[in-house]
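A.B. asks: Next up is a structure, given as structure tokens.
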Amino acid sequence: MPFQSYEATAANNGEWLLQNPLLLLFSGNNGIIARHLRASLPMPEDQCWTLLEDDIQDLMDPAPPPPVPPAARHRWMIFAQNENGGLRLSRVERIRGLSDRQTELLITLSPLVLKSLSADRTRCVVQQPANARQWSEELALDGGVANLAGPWTWCARELNIGAAVMGGK
């Protein structure tokens with residue numbers, strides 16, 4: 001399922017109306033990650049970076065000039081997935097990255113409670129649980145600060161370390 005930007009408006013009882021979705025492209029030469037890294041050159045020596053809510057908002061703004069003041073920002077980056085026949089939405093809270101020839105991403109998300117959904121899925125009402133746990137997804141793009149001409153397509157991470165926790169004696 002895609003990442004999308006939604007206009008978020010506070011509603012009643014801590015609920016939020018999400019509407020007017022825009023598709024967000026992470027991959028490709030014009031994807032938000034490639035654009036962010038090109039704008040950040042030269043990178044710090046360790047080539048690590050973090051995007052917080054305001055930084056993510058800057059990447060989502062379709063027309064950067066003039067800059068939108070933080071108080072007027074009302075768009076959320078949402079990840080949607082189908083799970084057991086139902087729609088599950090999560091809000092992107094932070095993106096951390098490490099970039100060299102590849103760009104590895106750790107995306108931190110907060111689950112949302114879906115209260116209502118329009119038939120065409122362009123409007124919904126959600127609530128942010130007070131004690132929600134965050135979860136993270138690790139993704140990688142085949143392009144980076146040492147490979148700006150790369151295709152910037154989704155790829156396997158260069159180093160995948162798996163672990164299993166076994167019961168003790």
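The values are calculated or read from the model by the stated rules, or taken from the named source; none is laboratory data. Computed from a predicted structure; not experimentally measured. Glycine gets a Cβ as well: all are built from the backbone with ideal geometry, and neighbour counts include every protein chain shown. Accessible surface is based on the protein model in full, side chains and every heavy atom, while ligands, DNA and RNA are left aside. Shrake-Rupley method; radii C 1.70, N 1.55, O 1.52, S 1.80 Å.
A.B. asks: When a/c is below 1.5 the answer is rounded, else prolate if a/b is larger than b/c, else oblate, so apply that to the range 3-141 with a ≥ b ≥ c taken from the square roots of the Cα gyration tensor eigenvalues.
C.D. replies: Numbers: a/c = 1.95, a/b = 1.56, b/c = 1.25.
In terms of gyration-tensor shape, prolate.
A.B. asks: Could you do me a favour and compute the accessible area per residue for the range 3-141, 1.4 Å probe, result in Å²?
C.D. replies: Numbers: 7810 Å² over 139 residues.
About 56 Å² of surface per residue is accessible.
A.B. asks: Under the rule of at least 5 residues apart or a separate chain, name every residue whose amide H is placed under 5 Å from the amide H of LEU87.
C.D. replies: For LEU87, whose amide H was placed from the backbone, there are no distant partners under 5 Å.
A.B. asks: Moving on to the next point. Please compute the net charge surrounding LYS115, taking Lys and Arg as +1 and Asp and Glu as -1 over other residues with Cβ under 15 Å from its Cβ.
C.D. replies: Details: positive: ARG88, ARG91, ARG121, ARG123; negative: GLU15.
Once positives and negatives cancel, what remains is +3.
A.B. asks: What FRET efficiency, computed as 1/(1 + (r/R0)^6) with R0 = 25 Å and r the Cβ-Cβ distance, is obtained for TRP135 and ASN30, rounded to the nearest 0.05?
C.D. replies: So the FRET efficiency works out to roughly 0.35.
A.B. asks: GLU93's amide H: which non-local residues (gap 5+, or another chain) put their own amide H closer than 5 Å, with H modeled 1.01 Å from N in plane and none for Pro or chain starts?
C.D. replies: Here the answer is THR108, LEU109, SER110, since their amide H atoms fall under 5 Å of that of GLU93.
A.B. asks: If you don't mind, there's one more thing I want to ask. Would you mind telling me the share, in percent, of accessible area of the range 93-145 contributed by carbon and sulfur at probe 1.4 angstrom?
C.D. replies: On the way: 1240 of 2880 Å².
That fraction is 43 percent.
A.B. asks: Set the Förster radius R0 to 35 Å, insert the Cβ-Cβ distance between ASN82 and CYS48 as r into 1/(1 + (r/R0)^6), and round the FRET efficiency to 0.05. Walk me through the numbers before you get to the answer.
C.D. replies: Values: r = 33 Å, r/R0 = 0.93.
My answer for the efficiency is 0.60.
A.B. asks: Using +1 on the beta carbon of Lys and Arg, -1 on that of Asp and Glu, and nothing else charged, what's the dipole of the range 3-56 about the Cα centre, debye to 20?
C.D. replies: Value, rounded to 20: 280 debye.
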